[in-house]
1. Which count do you get for residues in segment 77-126 that are in a loop (DSSP other than H, G, I, E, B) and among the charged types (D, E, K, R)?
2. Based on what the data block shows, is Val83 farther than 18 Å from Val41 by Cα and either at pLDDT 95 or above or in contact with a strand residue (DSSP E or B) (Cβ under 7 Å, 6 or more places away or on another chain) (or both)?
3. Look at Leu40 and say whether it is closer than 20 Å to Arg113 by Cα and at pLDDT below 95.
4. Residue under question is Lys78, and the condition is that it be surrounded by 14 or more Cβ atoms within 10 Å (Cβ to Cβ) and basic (Lys, Arg); does it hold?
5. For segment 30-46, what are the residues that are surrounded by fewer than 19 Cβ atoms within 10 Å (Cβ to Cβ) and either touching a residue at least 60 places away in the same chain (Cβ under 8 Å) or out of contact with any strand residue (DSSP E or B) (no Cβ under 6 Å at 6 or more places or on another chain) (or both)?
6. With Gly90, Gly86 as the choices, which residue is over 14 Å from the mean Cα position of the chain (by Cα) and over 19 Å from Glu36 (Cα atoms)?
Amino acid sequence: MNRIAVLCILMVSASAAAQAQLEIFNPMKEAIKANEAAALVKTFAQSVDLNLEGNISTYSKAQSEFVLKDFFKKHPVKDFSIVHTGSSKGGLQFAIGRYLSGSDNYNVLIRVRQVGDEYLVHEISFVKE
């Protein structure tokens, strides 16, 4: 009986941790689903690494908004979902998503760092499958 109780506690703890990670990424997910670059950029650190179809650059928040608006205009979202979340040993949180646009599919990687009480995006990648 004791082993079953421990197993149940571990399962509940793992489920709660997974739910907390999903909540961290919910504002980003909703912004991407709406193709709202301005809303997405609100979740960014002062500078962010963007990888859009293999073009990797570091941008300020203001610059990244223009770049993402252009990407969303060229590749409007049909659907976006987060398929996996996790964290590194150093405490960085990440989410892997799937972005569908027309007949194109993109793997999306979002990495965030905790700054005070907030989690801010410091890297986001849209890589065509």
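The values are calculated or read from the model by the stated rules, or taken from the named source; none is laboratory data. No experiment lies behind these values; they were computed from the predicted model shown. Methodologically, a virtual Cβ is constructed for each residue, glycine included, from the backbone with ideal geometry; neighbour enumeration extends over all protein chains shown.
1. Summing the residues that are in a loop (DSSP other than H, G, I, E, B) and among the charged types (D, E, K, R) in segment 77-126 gives 3.
2. Considered against the rule, which asks whether it is farther than 18 Å from Val41 by Cα and either at pLDDT 95 or above or in contact with a strand residue (DSSP E or B) (Cβ under 7 Å, 6 or more places away or on another chain) (or both), Val83 comes out as yes.
3. no
4. So Lys78 fails the test.
5. If the condition is that a residue be surrounded by fewer than 19 Cβ atoms within 10 Å (Cβ to Cβ) and either touching a residue at least 60 places away in the same chain (Cβ under 8 Å) or out of contact with any strand residue (DSSP E or B) (no Cβ under 6 Å at 6 or more places or on another chain) (or both), then Glu30, Ala34, Asn35, Glu36, Ala38, Ala39, Lys42, Ala45, Gln46 are the ones that fit.
6. Testing whether each residue is over 14 Å from the mean Cα position of the chain (by Cα) and over 19 Å from Glu36 (Cα atoms) leaves just Gly90.
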